[in-house]
Each structure stands twice: as structure tokens, then as C-alpha cells.
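The next block holds one structure in the form of C-alpha cells; read it before the comments.
What follows draws every value from the coordinates through simple rules; no lab data is involved. Worth saying up front: this structure is predicted, and the values here are computed from it rather than measured. Counting neighbours? That spans all protein chains shown, and the Cβs are built from the backbone with ideal geometry, glycine included.
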Amino acid sequence: MPQVKCEVKGVFVAMNDAATVPLVVLSDGTDRVLPIFIGIWEAVSINSAMNHELLPRPFTHDLFIDLCEKCNITLRYLKIDSIEDGVYYAEIVLSTNGRDEFLDCRPSDGIALALRGNVPIFVEDTVLASAGQKSGDLPQIVDLGSFLQK
């Protein structure tokens, strides 16, 4: 299936009367975006990676990257390949000893790793077609950094 290279547009918090939920927004370079609701710690980790913050102690995602480097494992790319009942599925693709390995992962963890490893993020075109939105159609969102400073 065709895959589309996407970039992380940002980490946000969607707010309404019922809930406040973090989300990461991917963009395919057009007006179409893919919002993925995630946990707060994954949001903080992705935001940290986007801002190239060096923390005094490593996050789990930093530990994974360090382990890969020490064990001669190369991160190749992340692919978000399906959505079922509102749940996204992804694989992080690693290379070791000349062969690719595919590890099932949550998209939020994969995005945090892809940003830290400086590798591309791909989304299956069918996922973008079914779950993508125009950026103007997103719910009321606030940048995570601004939200945490309140």
C-alpha cells in the first residue's frame, strides 16, 4: 500500500467541557492533518524530542535509542499502517546485521523514537484517507508547552 511521508506538526491539548486530552498532529505537507490522541507522558516525551531538550535523566525513549546505538541497531523509519475502531497501529522498523526487523508499537512511542533517531515517519494512505482532517476542522487545541506553563 502507498505510504505518505509525514512530519510532526506539533503536540497539543484538545480541550472541551468534558475532557482535556493530549494529541500529536502529523501533517503530510498539505492542508490535511492526522490527529492522534495520546497519553500525557508520551506527549511530554514527543514535545521534548521536538524541542531538542536534554533532560537530566533519560526518558524511556532515550534509553531505547541509547540501547540501539550500543547494540549496533539502526532505526530506519516508523510506519503507521492501520486504524481500527479509533485505535492506530504502527511499526518501528530497525535494521541489524543487514536485515530489517519490524516491531509493533504504539504510534506515540514510535513518533517519540523517530524524532530522537531522526528517521522518517510514514502513514499509509488509507489511514490518512479515513482519519485525516483539514487542519481547520481540528477541535479547539492549545500547544502543549503553553498548556503546561499555565
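Overview of results
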read-out	value
Which numbered condition Leu75 fails, given (1) in a strand (DSSP E or B); (2) among the aliphatic types (A, V, I, L, M); (3) under 13 Å from Ile36 (Cβ atoms)	(3)
Residue ranges of helices (runs of 4 or more DSSP H) in the range 93-150 with at least 1 members over 26 Å from Ala19 (Cβ atoms) and in contact (Cβ under 8 Å) with a residue 24 or more places away in the chain	107-117, 125-131
Output for the range 28-59, where each listed residue is farther than 11 Å from Ser108 by Cβ and under 11 Å from the mean Cα position of the chain (by Cα)	Leu34, Pro35, Asn47, Ala49, Met50
Top-ranked residue of the range 81-109 - restricted to ones that are of a type in the set (Gly, Ala, Ser) and under 19 Å from Pro2 (Cβ atoms), ranked as surrounded by the most Cβ atoms within 10 Å (Cβ to Cβ)	Ala90
Filtered residues of the range 50-72 (kept if surrounded by 16 or more Cβ atoms within 10 Å (Cβ to Cβ) and either assigned to a loop (DSSP other than H, G, I, E, B) or among the aromatic types (Phe, Trp, Tyr) (or both))	Phe59, Phe64
All positions within the range 110-150 that are under 19 Å from Gln3 (Cβ atoms) and among the aromatic types (Phe, Trp, Tyr)	Phe122
